[in-house]
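Engineer: One structure is given below, represented as structure tokens, and several questions about it will come after.
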Amino acid sequence: MLNSTQVSGDRGSNALSIAVIGPDALRREAVARAIRECEGAAVPGPGRSGTCPAIQEFCSYPLELDEMPRRLAQKYDVVLVDMDSDAEFALDVVAHICAGHAATVMVYSEQADRNLVIRCMRVGAREFLSLPLVPGDMAGALARVSVVDPGRRGAKESGRKLFVFAGAKGGCGVTTVATSFAVSLAQDSGASTLLIDLGSPLGDAAIQLETVHKYSTVNALEDFSRLDGNFLRSLVAPHTSGLSVLASPADFSRIKFPVEAIDKLLAVARQAFHYVVVDAGSSFDMKDSSLFDDSANPYLVTQVGISELRNANRLITQFFDTQRSKLQIVLNRYTSRPPGFDADQVAKALTRQPDWKIPGNDETEHRAHQAINSLALKDSPASMAIRQMARAACGLPPLQARKKIFSLFRKGLAIPA
């Protein structure tokens with residue numbers, strides 16, 4: 001049960017919608033008053049400048065943590081939570097609201113405690129406001145809000161998902177596809193997204209994304225019995241797209257972790273993040289783990305070549321035999337006239353038509369790699385193709401391709417084949 005006390009402000013299409021949750025009336029009213037004083041200040045979103053925020057005050061924490069925080073996240077642009085009435089329970093509330101990633105979550109407190117600040121940030125809070133508020137604090141915090149548009153909110157209804165990318169052979173470009181997919185998924189869906197690089201010992205997702213990481217999958221798996229959401233969040237590296245990255249180890253490692261460790265990592269990741277993308281490389285020694293169970297959404301990345309198509313055929317008919325209805329086949333570095341093969345031969349080798357075709361040549365591959373780092377995902381046919389994949393995966397409508405892209409890659413653009 002979540003008790004509402006009052007609504008202030010004029011709720012409209014241009015109004016920033018804000019929920020203030022706090023059992024203590026004095027603190028809650030002080031925060032609400034500071035928000036009302038922001039009228040006329042610049043707030044994010046088209047047409048929002050000078051619009052009075054719409055405020056809903058709640059005088060109790062939500063007790064139904066599985067459902068109510070999700071509804072709050074979908075209804076409000078910003079949710080502010082009081083940390084002083086019950087810090088431990090408030091942290092759970094913040095974590096559950098942040099799991100949907102549809103709203104910006106801020107917290108407020110009279111306690112300037114460094115440990116509490118760190119814990120709030122780890123569960124997903126974007127701002128820690130110290131009471132009493134200094135003039136300008138609230139306006140500055142609201143100016144940094146990233147408002148999720150209605151189209152993105154609709155994607156949350158699809159539920160949490162695990163996407164696993166595997167290559168039919170080393171060198172097929174599975175890491176480039178997986179990292180581009182993860183970046184696009186994080187950007188277009190607006191949902192919390194984690195990329196896990198299981199390409200040990202030579203995974204290079206972090207290198208492609210140009211992220212600096214202190215920890216890796218080894219830190220998560222070597223003592224998996226103590227792994228939880230907070231611990232996992234402390235290990236990931238942030239990417240400028242909003243994507244979180246759990247990198248492979250920087251040093252060559254021959255450690256083989258048990259299936260139980262992989263399963264625990266995936267379970268915790270799926271609880272802590274809305275979408276989890278795994279770069280599994282071209283190693284299939286984790287067949288018995290939940291990485292390839294019925295709850296996963298597998299993508300097999302291959303390209304047109306004798307050995308690649310041969311391997312893909314064996315994997316589709318033997319390894320993915322129980323997942324063939326969910327398996328999506330991605331033809332990477334595809335040209336409309338692959339040398340030595342025609343479309344029927346490719347389809348026969350793959351046992352069906354590929355689901356996605358990613359255009360490829362030296363120029364488009366270079367531009368796709370650049371797009372990962374610059375986030376200019378619409379600039380190359382290859383990265384546009386992968387973006388279409390990501391939008392389909394999270395339930396968003398496909399983007400309309402520019403005419404010049406259709407004219408150059410009419411048969412090869414990676415729209416559903």
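Computed from the coordinates by the stated procedures, all read-outs in this text should not be read as laboratory data. These numbers come from a predicted model, not from an experiment. Every residue, glycine as well, gets a Cβ built from its backbone with ideal geometry; the counts of neighbours run over all protein chains shown.
Engineer: For segment 177-272, just say rounded, prolate or oblate: build the C-alpha gyration tensor, square-root its eigenvalues into a ≥ b ≥ c, call rounded for a/c under 1.5, and beyond that prolate if a/b exceeds b/c, oblate if not.
Structural biologist: Working: a/c = 1.88, a/b = 1.29, b/c = 1.46.
Oblate.
Engineer: For ILE21, which sequence-distant residues (separation of 5 or more, or a different chain) have an amide H within less than 5 Å of its own amide H, given hydrogens modelled in the peptide plane?
Structural biologist: Result for ILE21 returns PHE58, LEU80, VAL81, ASP82.
Engineer: In addition: Per-residue counts of other Cβ atoms within 10 Å, averaged by peptide: what ranking do you get for 296-308, 216-228, highest first?
Structural biologist: The packing order, highest mean first, is 296-308, 216-228.
Engineer: Karplus couplings for segment 311-317 from phi (6.51 cos²θ - 1.76 cosθ + 1.60, θ = phi - 60°), rounded to Hz, Gly and Pro as x?
Structural biologist: With the stated coefficients, segment 311-317 comes to 5, 4, 4, 5, 5, 5, 7 Hz.
Engineer: For the cross-link pairs LYS161/LYS256; LYS161/LYS357; LYS256/LYS326, which exceed 24 Å when the distance is taken from alpha carbon to alpha carbon?
Structural biologist: Result: LYS161/LYS256; LYS256/LYS326 exceed 24 Å.
Engineer: Using the Cβ atoms and a cut-off under 14 Å, what net charge is assigned to the surroundings of GLY22, where Lys and Arg are +1 and Asp and Glu are -1?
Structural biologist: Once all neighbours under 14 Å are counted, the net charge is -4.
Engineer: Quick check: the distance between the Cα centres of segment 158-177 and segment 221-242, to the nearest angstrom?
Structural biologist: Taking the Cα centre of each part, segment 158-177 and segment 221-242 sit 20 Å apart.
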